[in-house]
Amino acid sequence: MAKLAYQRLDDILGLLMQRTEPISIQELSNTNHVTERTIRSDINNLNELLQPIDASISLIRNKGYQLNITSQSAFDHWWKENLAASDTFLSSAEERQTLLLFILFKSQTPYTLENFLDQLFVSKNTFYSYLKAIRDALLSYGLKVINRPNIGFEIVGDEFAKRQAIIDLLIGKDLQEYLTGFTEMEFALFDNVDLEQLEKIELYRLSGLGLLESDYYHRNMLTHFALGISRVLDHQIINEFPVKVPDLFNKATHALHRLIQDIEEKYEITLPNEEKKYFTYYLALNSPRLVNVGNEQIDSQKTAQAIVHKLLERIKASFNFDWTDDQLLIDDLISHIKGFINMNVMDAGHSNPLLTTIKRSFPLAYDLCLTSLKEIGEQYGLYFSEDEIGYIALHIAGAFERNSIDQIHKYRVILVCGTGKAMSRIIEAKIKNVYKEQISIVERLSFVELQKTDVQSIDFVITTVPLGKLSIPYIYIDMTYLDTEIRKIDTHIKELEKQKQTIEQLFDPRFFFYEPKETSKVELLKDMSEELEKENIVPQNFYASIMEREKIEQTGIGQTIAIPHPMSLIAQESKLAVAIIPEGIDWGKEEQVNFVFLFAIKKEDYEETAEIYDLLVDLLNDTQTQQNILKNNDFDCFLNQMENI
């Protein structure tokens, strides 16, 4: 295990410490089997590590690199600390377990108990407790840790499964670090691979395939390539590839073939067919549009279009968010879902490292997709996993951001004109000219068409035809004085603004529960629902609908907050019931939540109340406000804290 960030830094610094004369970059490059560019990058990394002890590595012109030490005692102390522990980063049991797992995967021979104890600086009992946790983690991959008497511990099982476990359990836990460069763990795991040169070769050979649209997918593919090369160099070969390998389009097949040739030449190896399948599989998995599914290609396009149409129509009908004309969103969703369908053809799927972040930061977008895609997926024989729903929710979250000004805060209006389309377009243009930031005219109808139209999601009607009784407000405009009459809209909007429900009005002292007596999630939700039902806020089936939603996926976000809600918008009045639980309550999946916000929202209010999600995300990230609320059982104090977030 490396004493510094990765093994090559140890090797370079060790060589410089041994020599009194400068060492040429060519010698360092040849000794470490990497490019001169990589050596220069390593020297920069070493200088960052050496700076606090006032040491450095300098380049002597025409001679090479030399180690400069200002204080030998300070340097010796620093180096001794690193020798005493590649353990300097082992500040927790989790980190020691990670090191244990790293050693088991990286070692080419069994590792003895004594060696583990020396490496981990733990007792025998502690070691075996770590080993049990690792055995449990490996169980789902079909892998075992065995102890060969007088030889040592090793992982046994399928090589493909070992690689998947390495990716899942050791790499990419810090997403930001993973996306912006190779991690220390990757340098350590792939110390026999020049990662920067591999990326250079990969970009050169595969640049024409459009792989850089997603940093994550590109990095994921590159990491699998590096893992494959490293394991082959360590003589860990896949003997039989266990999953279906798709056919790629000719352009992709040719580009990948050239990449594999470059790798074989660089590392002086010949990749067996099963290893070539590994490269093909992970190229396809991270760029499924390169998969040639033959006659199914047209079907996947049509199916993707149909799914997107149904998804957006369902969101519009159920939640009043209308993105059916957002062509950017439509195109992005079709492209993504087509790739998802192709992966189903491959009988494959991919994990979503952003899932926790998506649920935490975009809970509304995630929930819109979750409730809608469950039913749509069943119609098409497709299963949308949490990971896949998370990816789709990102597109919806983007639509929220793009359309926040144009749609969410505008009044939805129908324009009724009895004198034909030409005149209705003139009136529409005049209205937009004055009220384009406040009004969205969603339809232009005749009086007869209005009678057949569901106006439930409409805020009000502007009409040139005198109307009788209508279920929503309307403004009559006399066409004789058109420009003057349009100004009636001013008065109507001001009245609506007065009536418009603020976020704070969703909270009500009648539905505020501090330290409720209930000890379980089920009991708490039932009692909160009953209180809402007593006040005619919700119908009798409200609680049942909440529990149906919880069965699909629990509604906790970020460990401390839960946002339970029914499957559909069935409330008769919009309120948010609140339970504050200082000691926490078990919400399932090892989540202890302290704040429960039970949503009871009318369909007509959903757009206007959507900002509550942003408020709760802010609360999730504001630990001081959380503590202030938990310490005080007063509703007014709670409301004041929420208003000041």
_Tell me which helices (runs of 4 or more DSSP H) are completely within region 469-554 and hold 1 or more residues being in contact with a strand residue (DSSP E or B) (Cβ under 9 Å, 6 or more places away or on another chain), assigned by TED's automatic domain parsing to the domain that holds residue 597 and among the acidic types (Asp, Glu), or say none if there are none._
521-534, 542-552
*Restricting attention to region 417-430, does a residue exist that is among the hydroxyl-bearing types (Ser, Thr, Tyr), surrounded by 15 or more Cβ atoms within 10 Å (Cβ to Cβ) and closer than 23 Å to residue 323 by Cα?*
no
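Which of the residues that make up region 20-39 are charged (D, E, K, R) and either in contact with a Lys or Arg (Cβ under 9 Å, 6 or more places away or on another chain) or modelled with pLDDT of 85 or more (or both)? Step through it out loud before you land on a result.
Of the residues in region 20-39, the ones charged (D, E, K, R) are 21, 27, 36-37.
Of everything in region 20-39, those that are charged (D, E, K, R) and either in contact with a Lys or Arg (Cβ under 9 Å, 6 or more places away or on another chain) or modelled with pLDDT of 85 or more (or both) turn out to be 21, 27, 37.
Which helices (runs of 4 or more DSSP H) does region 346-452 wholly contain that include 2 or more residues that are modelled with pLDDT of 80 or more and aromatic (Phe, Trp, Tyr)? Lay out the reasoning, then the answer.
Details: elements: 355-361, 363-379, 386-403, 421-435, 447-451.
The helices (runs of 4 or more DSSP H) meeting that bar are 386-403.
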_Suppose the filter is within 26 Å of residue 386 (Cβ to Cβ), surrounded by 15 or more Cβ atoms within 10 Å (Cβ to Cβ) and of a type outside the set (Phe, Trp, Tyr); does residue 516 pass it?_
no
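Determine if region 149-158 includes at least one residue that is touching a strand residue (DSSP E or B) at 6+ places or on another chain (Cβ under 8 Å), surrounded by fewer than 14 Cβ atoms within 10 Å (Cβ to Cβ) and at pLDDT 90 or above. Don't jump to the end; show me each part of the working.
As a first pass, look at region 149-158 and keep what is touching a strand residue (DSSP E or B) at 6+ places or on another chain (Cβ under 8 Å): 152-157.
Still in the running and surrounded by fewer than 14 Cβ atoms within 10 Å (Cβ to Cβ): 156.
The next check asks that each one be at pLDDT 90 or above; those that pass are 156.
Scanning region 149-158, I find at least one residue that is touching a strand residue (DSSP E or B) at 6+ places or on another chain (Cβ under 8 Å), surrounded by fewer than 14 Cβ atoms within 10 Å (Cβ to Cβ) and at pLDDT 90 or above, so the answer is yes.
How many of the residues in region 562-581 are without any contact (Cβ under 8 Å) to a residue 60 or more places away in the chain and either outside any loop (DSSP other than H, G, I, E, B) or within 17 Å of residue 625 (Cβ to Cβ) (or both)?
So in region 562-581, the residues without any contact (Cβ under 8 Å) to a residue 60 or more places away in the chain come out as 562, 564, 566, 570-573.
Adding the requirement that they be either outside any loop (DSSP other than H, G, I, E, B) or within 17 Å of residue 625 (Cβ to Cβ) (or both) leaves 562.
Number of matching residues: 1.
This table checks each residue for (1) of a type in the set (Val, Ile, Thr); (2) farther than 15 Å from residue 159 by Cα; (3) assigned to a helix (DSSP H, G or I).
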{"residue": "227", "(1), (2), (3)": "no, no, yes"}
{"residue": "231", "(1), (2), (3)": "no, no, yes"}
{"residue": "242", "(1), (2), (3)": "no, no, no"}
{"residue": "245", "(1), (2), (3)": "yes, yes, no"}
{"residue": "253", "(1), (2), (3)": "yes, yes, yes"}
{"residue": "256", "(1), (2), (3)": "no, yes, yes"}
{"residue": "265", "(1), (2), (3)": "no, yes, yes"}
{"residue": "270", "(1), (2), (3)": "yes, yes, no"}
*Going through region 18-63 one residue at a time, which ones are farther than 30 Å from residue 268 by Cα and under 39 Å from the mean Cα position of the chain (by Cα)?*
47, 48, 49, 50, 51, 52
*Limited to region 451-470, what total is found for residues that are free of Cβ contacts under 8 Å to residues at least 40 places away in the same chain and β-branched (Val, Ile, Thr)?*
1
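The values are calculated or read from the model by the stated rules, or taken from the named source; none is laboratory data. Treat the numbers as computed from the prediction; the structure is a model and nothing was measured. Don't worry about glycine lacking a Cβ; one is built from the backbone with ideal geometry, like all the others, and counts go over all protein chains shown.
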